[in-house]
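What follows is a short report on a single structure.
The values are calculated or read from the model by the stated rules, or taken from the named source; none is laboratory data. Please read all numbers here as calculations on a predicted model, not as lab measurements. Don't worry about glycine lacking a Cβ; one is built from the backbone with ideal geometry, like all the others, and counts go over all protein chains shown. The accessibility values were calculated without ligands, DNA or RNA, using every heavy atom of the protein model including side chains. Shrake-Rupley method; radii C 1.70, N 1.55, O 1.52, S 1.80 Å.
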Amino acid sequence: MSDCLFCNIAAGGIPSNKVYEDDQCLAFHDIDPQAPTHFLVIPKTHIPSCGAVTAENSAVVAHIFEVISKVTKELGITDFRVVSNCGAQAGQSVAHLHFHVLAGRDMTWPPG
Ligand code: AMP
Ligand code: ZN
């Protein structure tokens, strides 16, 4: 079994609080929410970060953004922020591409 946490969550080996799932991606609630709504969307294939997106694997990224649009609508969320941290300095702690979807409170800019 892979030692990647999110590969294991995608495979169902580690439980998650699912928001949405299809053959390409999984959305689940963040274990340490930073907003009233905070879920993550991950590709089921292992891509280490935004910095590893290429012409060969980028279709799933477009798909994930379609899913974010659909799921937020279903949840009645109109205002939200999508974040993907790439690299330790940017705050990435899990080396499997993921998009944070945050909503339900005022957001500040620039992010810290
Ligand atoms: P990042 O720090 O941008 O790489 O985001 C990783 C996110 O994964 C953090 O917000 C963590 O709270 C979240 N996280 C870590 N482990 C789990 C888990 N088992 N289930 C759900 N979210 C998790
Ligand atoms: Zn992985």
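With 0.36 nm allotted per residue and the present C-alpha distance subtracted, the E74-K18 stretch has 18.7 nm of extension available.
A Förster radius of 35 Å combined with the Cβ-Cβ distance from H46 to M107 puts the calculated FRET efficiency at roughly 0.75. Split the accessible area of region 7-58 by element, probe 1.4 Å, and carbon with sulfur accounts for 52%. With helices as the sole contributors, the chain gives -6500 deg cm²/dmol at 222 nm; each DSSP H run of n ≥ 4 counts as -39500 (n - 2.57), and the sum is divided by every residue. For the chain, the fraction of C-alpha pairs more than 23 angstrom apart is 25%. With a cut-off of 14 Å between beta carbons, the residues surrounding V94 carry a summed charge of -3, where Lys and Arg count +1 and Asp and Glu -1.
Heavy atoms of the protein chains alone define the surface here; on that basis the chain has 59 Å² accessible area per residue at 1.4 Å probe size.
No disulfide-compatible partner, judged by a Cβ distance under 4.7 Å, exists for the following cysteines of the chain: C25. Full extension of the chain between A95 and A55 gives 12.4 nm of extra length, using 0.36 nm per residue less the Cα-Cα distance.
Note on region 59-111: Cα-Cα pairs beyond 14 Å make up 61% of the total pair count.
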